[in-house]
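The values are calculated or read from the model by the stated rules, or taken from the named source; none is laboratory data. What you are looking at is a predicted structure, and each value in this text was computed from that prediction instead of being measured. Here the Cβ is made from the backbone with ideal geometry for all residues, glycine too, and neighbour counts use every protein chain on show. The accessibility values were calculated without ligands, DNA or RNA, using every heavy atom of the protein model including side chains. Shrake-Rupley method; radii C 1.70, N 1.55, O 1.52, S 1.80 Å.
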Amino acid sequence: MIPKILRLFAAFALCLSSSIAEEEKPLKVLIITGGCCHDYKFQSAAMVDGIGQLTKAEFTVVNEGGKRTMGKIALYDDPEWAKPYDCVIHNECFASTTDADYIRKITSAHKGGAPAVVVHCAMHTYRDAKIDDWREFLGVSSLRHDHQSNYPVKVEAADHAVMKDFPANWTTPKDELYIIEKIWPKTTVLATSKSEEDGKEYPVIWTNDYHGTRVAGTTYGHTNEAFEDPVFIKILANAVTWAAGK
Ligand SMILES: [Zn+2]
């Protein structure tokens, strides 16, 4: 007969070891990138390195589809493409791809529960498409951007996990401000910047509830300088951790 105190101790030790194992399990993060206008090789490496220093994570980078505004990524042909991952970072740029069936291969995986972080040109990806599925997934609709500048960022929701440790006064490295035409109903705006062209404030960091799936986004991330900025990388790391629900 094992004394009760020993049984209690064994139960406690088991509980402790399983919670440590749980804590130490790295997040599986998929970075999908490619297309027009940006240095995706550099940006992907900077995310792997920078986010990896802040969050325990294993990264898979899929850089496909060429360097033009029209392209497709073969990964999406597998209906289970998002299944192995805790979070998908979309940093691709295919404004001219309009194939509705193809777009829905992506959004259906997210509708099915795959959390996402959407960065910069993801917001102009499938811009020419007639269907709104991708834009509903993003949580914002954008068709164009303001000129490159150093944009001050105003925090709108300081208490949100994505904004953790965000400085009160941060100005972006040289970047593009995306003009947001529509904020979708399930979107929560976390930070804004003011356009130097029309004087209006536009969301630059937000979250979206996409049919119960967590999505976090930022329209910044045009230049390599952005990906070298510790504040920008911290936003992405916070976004990944929040979206993955950890
Ligand atoms: Zn850009």
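Worth pointing out:
- Which numbered condition Leu138 misses (of (1) out of contact with any His (no Cβ under 8 Å at 6 or more places or on another chain); (2) of a type outside the set (Asp, Glu); (3) over 25 Å from Leu54 (Cβ atoms); (4) crowded, with 24+ Cβ neighbours inside 10 Å): (3)
- Residues within the range 57-84 that are open to solvent by 50 Å² or more (accessible area, probe 1.4 Å) and part of a loop (DSSP other than H, G, I, E, B), tallied: 11
- In the range 117-148, the residues that are in contact with a strand residue (DSSP E or B) (Cβ under 7 Å, 6 or more places away or on another chain), within 15 Å of the ligand (Cβ to nearest atom) and not in a helix (DSSP H, G or I): Val118, Val119, Thr125, Arg127, Ser142, Leu143, Arg144, His145, Asp146, Gln148
- Taking the conditions (1) in contact with a strand residue (DSSP E or B) (Cβ under 8 Å, 6 or more places away or on another chain); (2) open to solvent by 30 Å² or more (accessible area, probe 1.4 Å); (3) on the phi > 0 side of the Ramachandran plot in turn, Gly221 satisfies each one other than (2).
- For the range 171-226, residues that are within 16 Å of His145 (Cβ to Cβ) and among the hydroxyl-bearing types (Ser, Thr, Tyr) total 10.
- Pairing residues of the range 25-39 that are within 18 Å of His124 (Cβ to Cβ) and within 11 Å of the ligand (Cβ to nearest atom) with residues that are open to solvent by less than 10 Å² (accessible area, probe 1.4 Å) and in a strand (DSSP E or B), at Cβ distances under 9 Å and at least 6 apart in sequence or on separate chains, gives Gly35/Glu92; Gly35/Cys93; Cys36/Cys93; Cys37/Cys93; His38/Asn91; His38/Cys93.
- Verdict on Ile51 being more than 24 Å from Lys182 (Cβ to Cβ) and buried (at least 22 other Cβ atoms within 10 Å of the Cβ): yes
- Screening the range 164-246 for strands (runs of 3 or more DSSP E) wholly inside it with 3 or more residues that are of a type outside the set (Ser, Thr, Tyr) and touching a helix residue (DSSP H, G or I) at 6+ places or on another chain (Cβ under 9 Å) returns the ranges 175-183, 201-210, 213-218.
- Filter result (of a type in the set (A, V, I, L, M) and without any contact (Cβ under 8 Å) to a residue 24 or more places away in the chain) within the range 74-125: Ala74
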